[in-house]
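Presented below is the structure to which this report refers.
Taken together, the values in this text are just the output of simple stated rules run on the coordinates, not laboratory data. Being a predicted model, the structure only gives us computed values, none of them experimental. All Cβ positions, glycine included, derive from the backbone under ideal geometry; neighbour counts span all protein chains shown.
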Amino acid sequence: MELGGEEPKLIHSSSVLVISHDVVGTEMAGPGIRYWELARVLAQHLQVVLAVPHDASLGSRDAVRLWPYELRQWDSLAPAVERADVVLLCGDVLAGFPQLGETGIPLIVDGYDPHTLETLALFAGTAEQEDRHRERERILRMQCQAGDFFICASERQRDWWLGLLEAAGRINARTYGEDPSLRSLIDVVPFGLRSSPPLQTQQVLKGVHPVIGPEDKVVLWGGGLWQWLDPLTAVRAMGLICEKRDDVRLVFPGTRHPNPAIPDMAVRHDAAKLARDLRLLPEHVFFGDWVAYRQWPNYLLEADVGLSLHHNTVESRLAFRSRVLDYVWAGLPMVVTQGDAISEVVARYGLGEVIGYGEEGELADAMLRLLEMPRSRLDGRFEEARTKLSWETAANPLAAFCRNPRLAPDRVKEGRRAVSPGTVDHPQGAELRSLRTTIADQQAEIARLQERVSGYERGRFIRLMKWLQNVWPWKVSA
């Protein structure tokens with residue numbers, strides 16, 4: 001089914017609703033890729049609906065049913081929510097649809113993207129930075145209060161989220177009592193690798209681009225040009241490399257986010273200006289708009305070295321550079337900046353070189369070493385990494401929760417979900433909430449009676465009667 005055609009059919013049994021706040025289609029950035037891949041993996045064992053903003057050109061496939069919705073229009077999303085037994089979302093979705101916190105459905109909050117820190121970098125030096133950050137903090141607090149289960153992309157992020165959840169009062173006697181490790185509250189679900197190997201369907205760079213010859217070496221910058229990244233060091237390193245050899249090309253294939261709501265980044269213009277100033281345009285450095293998702297394997301397989309560079313910021317400390325995993329998927333040797341979680345993966349498996357912040361000389365030397373080294377030398381290392389970094393493995397904690405969703409113990413009070421007052425504005429919403437409330441009331445009453453029976457059994461009179469039965473030769477009736 002292609003979106004925009006017939007109305008999506010609802011699932012009438014247990015199902016998972018994954019809500020993407022970002023574009024899912026032929027062109028996708030990290031968030032869209034994450035929710036598409038997680039939905040695909042969950043659909044191997046569960047019924048999954050993936051809600052996407054506006055239209056999507058992928059169409060329903062891999063047992064994932066796509067559900068288009070309009071931002072901040074509850075009626076466009078509510079029918080899918082009503083049939084879900086568990087919902088996966090991020091803070092932006094919750095901010096756009098606060099009704100999700102009032103449904104009584106278990107909510108999984110995805111905290112893989114440190115939006116508050118990205119916002120500080122994105123609007124640094126502008127008059128709107130403070131207001132933008134204040135809004136991100138409001139959304140962050142909303143996430144902490146609404147979630148029944150949280151996921152993030154690394155153990156570093158998990159430590160950060162544990163601090164946030166403790167400050168929000170979510171680490172307490174009930175959540176600790178359920179699981180002292182708190183893995184039942186928050187666990188790690190990183191980006192993963194597709195299980196099938198990448199396949200080249202056509203040439204896209206070498207011998208095709210007007211100034212990239214069939215024998216040239218391509219250095220690939222995966223992903224976009226965001227304010228918290230460091231493409232300028234890559235451009236400067238290319239200036240140094242060109243002094244030694246003339247067959248190396250640096251390609252930035254994706255410089256404009258496919259989501260039109262994401263503003264253009266000043267760093268993109270800075271990188272282009274620097275390349276012009278160093279006389280690297282148009283023969284040695286190239287800037288594209290974005291690459292279609294289905295075309296991305298072609299770029300990976302034609303490249304000789306991958307890059308991921310960033311500045312020394314708190315965002316880098318918590319970030320998980322998802323496009324670096326594409327390098328692993330394609331067996332592409334890489335140079336990455338130290339300090340983030342993915343650089344530890346590169347060092348652990350020996351997949352390339354890790355350099356310091358802003359070190360163009362160190363970067364140029366590392367790139368030249370990898371270009372001169374036989375690719376086959378790293379084949380075994382990439383194979384080991386791929387077996388441990390698949391989407392199927394990454395999604396295990398998420399799949400386990402989705403198979404047995406439940407409300408967080410501190411979000412339930414006397415059998416009811418502790419939510420803000422309000423109603424879901426849809427005809428069947430009240431009926432569903434009433435049913436869930438009735439079940440919760442019955443469970444609470446059973447628990448109350450069991451506790452009363454236990455209290456009686458612990459009482460002095462019952463203990464005396466049991467003692468008499470054990471020591472007296474005739475039957476004692478209570």
So for the range 217-389: antiparallel DSSP bridges make up what percent, rounded to the nearest 5?
5 percent
Would you grab the residues whose amide H sits under 5 Å from the one on Thr255? Only those 5+ places off in sequence or on another chain, please, with H modelled 1.01 Å from N.
Gly288, Asp289, Trp290
Kindly provide the pair-distance distribution of the range 122-192 built from C-alpha pairs, with 10 Å bins from 0 and whole-percent values in order of increasing distance.
18, 42, 27, 10, 2
Determine, for each peptide in 280-291, 110-121, 315-326, the mean count of other beta carbons within 10 angstrom over its residues, then list the peptides with the highest first.
315-326, 110-121, 280-291
What full-extension length gain, to one decimal in nm, is calculated for Leu278 and Asp246 as 0.36 nm per residue of separation minus the Cα-Cα distance?
10.1 nm
FRET efficiency for Arg317 and Glu178, Cβ-Cβ distance as r, R0 = 30 Å, nearest 0.05?
0.55
Once you have the Cα-Cα distance between Ala292 and Ser376, take 0.36 nm times their residue separation minus that, and quote the gain in nm to one decimal.
27.4 nm
Give, in nm to one decimal, the length gained when the segment between Arg132 and Thr26 is fully stretched (0.36 nm per residue of separation minus the Cα-Cα distance).
35.2 nm
Counting pairs of alpha carbon atoms under 8 Å apart in space and at least six apart in sequence, what relative contact order in percent does the range 48-158 give?
22 percent
Label the range 104-249 by shape, choosing from rounded, prolate and oblate, from the square roots a ≥ b ≥ c of the eigenvalues of the Cα gyration tensor; if a/c is under 1.5 it is rounded, and otherwise prolate applies when a/b is larger than b/c, oblate when it is not.
prolate
Between His269 and Val211, Cβ-based FRET efficiency (R0 25 Å, step 0.05) works out to 0.70
Dimensions (Å) - the range 231-328, Cα atoms, principal axes, largest first
36, 29, 27
Rh by Kirkwood over Cα pairs, then Stokes-Einstein D for the range 159-217 at 1.002 mPa s and 20 °C, µm²/s
132 µm²/s
Roughly what % of Cα-Cα distances in the range 217-389 sit above 25 Å, to the whole percent?
27 percent
Shape verdict for the range 285-341, please, from the Cα gyration tensor: rounded (a/c under 1.5), prolate (a/b greater than b/c) or oblate.
prolate
